[in-house]
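Quick notes on the structure that follows.
Every read-out reported here was derived from the displayed coordinates using simple, explicitly stated rules and does not represent laboratory data. This structure is a prediction, so every number in the text was calculated from the model and none was measured. We place every Cβ from the backbone using ideal geometry, glycine too, and count neighbours over all the protein chains shown.
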Amino acid sequence: MWDEQQTTGKDLPEIGQVTGDPSFYLERLEEFTRKTGIALVYSDRIAPARGLAEKGKITLLPEQTPAETFATLVHELAHSDMHFGERRADTNKRVRETEAESVAYVVCTAIGLDSGTSSRDYVVVVVMLSPVLRDRVNVGFCRCQRNISKRCASPDRPYG
């Protein structure tokens, strides 16, 4: 095990922050999550991850800003909605992360949050380490866009 101060080279990349005020959307999204039968819990045991989606449960890192909490919850809800069914076997972690982060970016932007470089950073650091995936990103983004449109058109409209 090495301490960071014992290493040399460039600093490790950091993922940017989502900023702004999600207003009533955060409470509305938390309520929607619970109404759909997904347990929503907060725990520091998942650190350094900001969120974790499991079938029927989403865990969020406490002490995030409201904007970060909203973005993380949208990201994890996208996983819950798109990645625990039959399609899971047809994807890999990189594709699933790209899709979930694409949903988070679009939804955060739609309610006026500033994602800055956070989504780009996340995709570059976590996802784009494989050049083969670059061609699949556009396909995944289109799938996410259809998913968001479907959700926004639903009677519960969790995303706005």
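For this structure, a couple of remarks:
- Extension gain, residue 65 to residue 42, is 7.0 nm, computed as 0.36 nm per intervening residue step minus the present C-alpha separation.
- Global geometry of the stretch 26-121, whether rounded, prolate or oblate, following the gyration tensor of its Cα atoms and the 1.5 cut on a/c: rounded
- Projecting label points 7 angstrom from Cα along Cα→Cβ for residue 86 and residue 49 puts them 2.7 nm apart.
- Residues whose placed amide H lies under 5 Å from that of residue 51, excluding near-sequence neighbours: 61
- Local charge for residue 21 was computed over the other residues whose Cβ lies under 13 Å away, with Lys and Arg +1 and Asp and Glu -1, and equals -3.
- Total formal charge among the other residues, if their Cβ is under 10 angstrom from that of residue 66, Lys/Arg +1 and Asp/Glu -1: -3
- The antiparallel fraction among DSSP beta bridges confined to the stretch 37-77 stands at about 50%.
- Within-14-Å neighbourhood charge of residue 42 [Cβ basis; K, R +1; D, E -1]: -1
- The protection proxy used here, the mean number of other Cβ atoms lying within 10 Å of each residue, ranks peptides 29-40, 93-104 as follows, highest first: 93-104, 29-40.
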